[in-house]
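The values are calculated or read from the model by the stated rules, or taken from the named source; none is laboratory data. Predicted, not measured: the structure shown is a model, and the values here were computed from it. All Cβ positions, even for glycine, are placed from backbone atoms using ideal geometry, and neighbour counts span all protein chains on display.
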């Protein structure tokens with residue numbers, strides 16, 4: 001099968017499938033697919049009303065092709081068989097990644113006992129009610145409100161929508177953040193993230209991104225951006241801040257949630273990648289949904 005490399009020009013085609021799917025998986029956000037294509041060599045094809053996505057990842061020390069769950073109104077069983085044939089042609093067993101519980105159930109019903117499923121906790125998505133992140137109501141959010149109040153007493157800040165002309169300041173802040181957070185172990189992954197961010201910020205409008213920044217004394221001290229995943233779920237892809245400003249992440253999170261269009265009931269703040277500090281932080285916001293994602297491999 002021919003899979004076309006995902007480019008900026010493919011946004012409308014891909015979104016025409018993902019927006020109506022009801023899937024809340026952050027991997028289906030077009031901005032993510034496109035800005036990370038350099039790493040995963042992601043491609044897509046549309047066959048008989050079904051969107052198929054293929055990409056490459058490391059598995060057991062070698063490059064391995066993988067697929068997203070098919071999206072569309074066509075014959076799902078036939079689509080899975082096409083993917084199986086494609087994987088076999090390249091010498092791999094069929095490997096589907098990012099399967100949510102609903103997708104897993106569909107796959108099991110169509111191919112009973114033919115797949116092995118492995119839940120991948122490090123890649124579960126944290127999904128919150130937008131209103132919860134804005135109001136931070138109730139005792140469980142008291143620590144967050146305390147951080148925000150402390151910040152507001154100490155700093156006279158301004159919130160601004162993120163625009164492409166702010167890219168140099170954002171990347172300068174990202175450099176400060178990386179210096180404060182990097183270790184030799186994660187230097188490569190942070191460099192890859194920087195490349196993805198650089199592409200995203202310089203193609204902000206083409207990717208359909210929305211973002212915001214916090215400024216103190218005219219200087220950007222935090223920024224974030226994301227994009228819609230479907231008609232009611234918004235994905236936050238990046239959030240960076242100067243941690244010398246205590247409480248800045250809590251303020252950035254609340255302000256951005258308040259400025260996202262009201263049609264988005266849910267905010268997906270993506271995975272924790274198994275990082276203990278990030279997991280603790282994301283759990284502290286009490287997700288409404290901890291979206292399970294599975295790897296599924298075809299048995300031989």
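Kindly establish whether residue 206 is modelled with pLDDT of 95 or more and not assigned by TED's automatic domain parsing to the domain that holds residue 251. Against the criterion (modelled with pLDDT of 95 or more and not assigned by TED's automatic domain parsing to the domain that holds residue 251), residue 206 does not qualify.
Of the numbered criteria (1) surrounded by 16 or more Cβ atoms within 10 Å (Cβ to Cβ); (2) part of a loop (DSSP other than H, G, I, E, B); (3) over 17 Å from the mean Cα position of the chain (by Cα), the one residue 80 fails is (2).
Filtered by the rule that a residue be under 19 Å from residue 143 (Cβ atoms) and either crowded, with 20+ Cβ neighbours inside 10 Å or in contact (Cβ under 8 Å) with a residue 60 or more places away in the chain (or both), region 268-277 gives 269, 272. Is it the case that region 108-117 has a residue that's at pLDDT 95 or above, in contact with a strand residue (DSSP E or B) (Cβ under 8 Å, 6 or more places away or on another chain) and crowded, with 20+ Cβ neighbours inside 10 Å? Yes, some residue in region 108-117 is at pLDDT 95 or above, in contact with a strand residue (DSSP E or B) (Cβ under 8 Å, 6 or more places away or on another chain) and crowded, with 20+ Cβ neighbours inside 10 Å. Among the residues examined, residue 176 qualifies as surrounded by fewer than 20 Cβ atoms within 10 Å (Cβ to Cβ) and at pLDDT below 95. For region 86-104, check the following and say yes or no: at least one residue is outside any strand (DSSP E or B) and within 29 Å of residue 216 (Cα to Cα). No - not one qualifying residue is present in region 86-104.
Among the residues of region 186-203, those identified as surrounded by 14 or more Cβ atoms within 10 Å (Cβ to Cβ) and modelled with pLDDT under 80 are 186, 190.
Listed conditions (1) in contact (Cβ under 8 Å) with a residue 40 or more places away in the chain; (2) within 21 Å of the chain's Cα centre (by Cα); (3) in the same structural domain as residue 256 (by TED's automatic domain parsing) are all met by residue 100, apart from (3).
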